[in-house]
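This report concerns only the one structure given below.
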Amino acid sequence: MLLRALWMSLDPYMRGRMSDAKSYADPVPVGGVMTCASVCRVQESNLDGYAKGDLVMSFTAGWQDYSVSDGAMVFKLDPNMQNPSQALGVLGMPGFTGYMGLMDIGRPKKGETVVVAAATGPVGTVVGQVAKLQGCRVVGIAGGAEKCAYAVDELGFDACLDHKQNNLNDELAKACPDGIDVYFENVGGKVFDAVMPLLNAHARVPVCGLIAQYNATEAPSGPDRMPQLMRLLLSQRIRMQGFIIFDNYGPHFPEFLRVMTPWVAEGKVRVREDQVEGLENAPQAFMGLLEGKNFGKLVVKIADK
Ligand code: NDP
């Protein structure tokens, strides 16, 4: 079938596909089509089960206006979906990542303190708001006063700290008077340094992403914190677990949609998108994502219908 891309998603993992360093996925070869998830309209179909006009999600369409698909890695979307671009964010891979990482590895309990960075992005917003729905104290970390105000005023976080301020360590300690029970790791770097001393006994740390390192070409300067971390993991019996959402959570996707769709519809989970117009603007927007220039889930609008 021939697919017309309407929306494409820009996500931090794409940085890893532009490097041949060892990773969980093969890089995109030089001259290859850059990978992405897209919401597409079927233009023509010779495939059983798909008809012209169907709305689908494709994981193989790539950064292109049109693509030809044999149906692999394509999923039908509800044709009446109000905001199809949400299939790339809160109701798609990033939302699913935040939800599963928090619930399966973070296992938040009422009254516990949950900390999440990249707090206003699609993963962080879901982590924080779902943790609030579980009755937790939620502290976000984000880049800049505007994002922090949004996390508190609109998303209902208990506090949000600007990681660009110099006194992050002290501010985080003040915002987490009972320590940290769940740290949802999205960024690494100096944010993790600030979190480490505050982790409580039996804390859980879902390691979802390390965006502060994605552009690094050499080891960071400063002391080696590995011995400190190992000692902490042991003495505090901390569970720290990396996960890649595509690995083994697939069967839980319908369950996730059943829970998240009404939460979004009822406004219990609020959504913010950063929409960029035009495929030609995708590279610049992607570079901005790695510097925190996006405010909300970054999507590129390619066509209307
Ligand atoms: P976002 O839309 O939140 O974009 C990334 C954000 O990271 C930026 O907006 C910026 O926010 C923050 N950031 C960038 N550089 C730095 C830095 N040096 N230090 C601190 N923060 C920085 O991204 P997503 O919500 O899509 O993804 C969040 C994380 O989850 C990423 O690490 C991503 O790789 C990971 N991920 C992992 C998956 C998995 O299966 N394990 C699946 C999906 C995502 P700010 O301005 O607030 O700092």
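Any read-out appearing in this document is the output of simple, stated calculations on the displayed coordinates, not a laboratory observation. Here the structure is a predicted model, which is why all the values come from computation and not from measurement. Neighbour counts run over all protein chains shown; Cβ positions are idealised from the backbone, glycine included.
The table below gives the values:
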item	result
For the range 277-290, 3J(HN,Hα) per residue [Karplus equation, 6.51 cos²θ - 1.76 cosθ + 1.60, θ = phi - 60°, Hz, x = Gly/Pro]	8, x, 4, 5, 8, 5, x, 4, 5, 5, 4, x, 4, 7
Sequence-distant residues sharing a close amide H with residue 297 (under 5 Å, placed H)	272, 273, 274
Simple Cβ-charge dipole of the chain, Lys/Arg +1 and Asp/Glu -1, about Cα centre, in debye nearest 20	620
Nonlocal amide H pairs with residue 269, under 5 Å, H built at 1.01 Å	264
Sequence ranges 160-167, 139-146, ranked by mean other-Cβ count within 10 angstrom, highest first	139-146, 160-167
Size of electric dipole in the range 36-122: Cβ of Lys, Arg +1 and of Asp, Glu -1, about Cα centre, debye, nearest 20	400
Rounded to 5, percent antiparallel among DSSP beta bridges of the chain	45
Extension reserve of the residue 133-residue 153 stretch, reckoned as 0.36 nm per residue once the Cα distance is removed	5.6 nm
Burial order of peptide ranges 278-288, 23-33 (average beta-carbon count within 10 Å, highest first)	278-288, 23-33
Label point 7 Å beyond Cα of residue 19 along Cβ direction - residues of the range 202-217 with amide nitrogen under 13 Å	210-217
Estimated vicinal HN-Hα couplings, Hz - the range 242-249 in sequence order (Karplus 6.51, -1.76, 1.60; Gly, Pro = x)	x, 8, 10, 4, 6, 4, 9, 9
Cα centre as origin, Lys/Arg/Asp/Glu Cβ charges: the range 74-163 dipole, Debye	300
Hz values of 3J(HN,Hα) by residue in the range 34-44 - Karplus curve (6.51, -1.76, 1.60), Gly and Pro given as x	4, 7, 5, 9, 9, 9, 10, 10, 6, 8, 8
Any cysteine of the chain lacking a neighbouring Cys Cβ under 4.7 Å - listed by number	36, 40, 136, 176, 208
Loop-located chymotrypsin sites (Phe, Trp or Tyr not before Pro) in the range 70-164, at most 12 other Cβ atoms within 10 Å (DSSP)	none
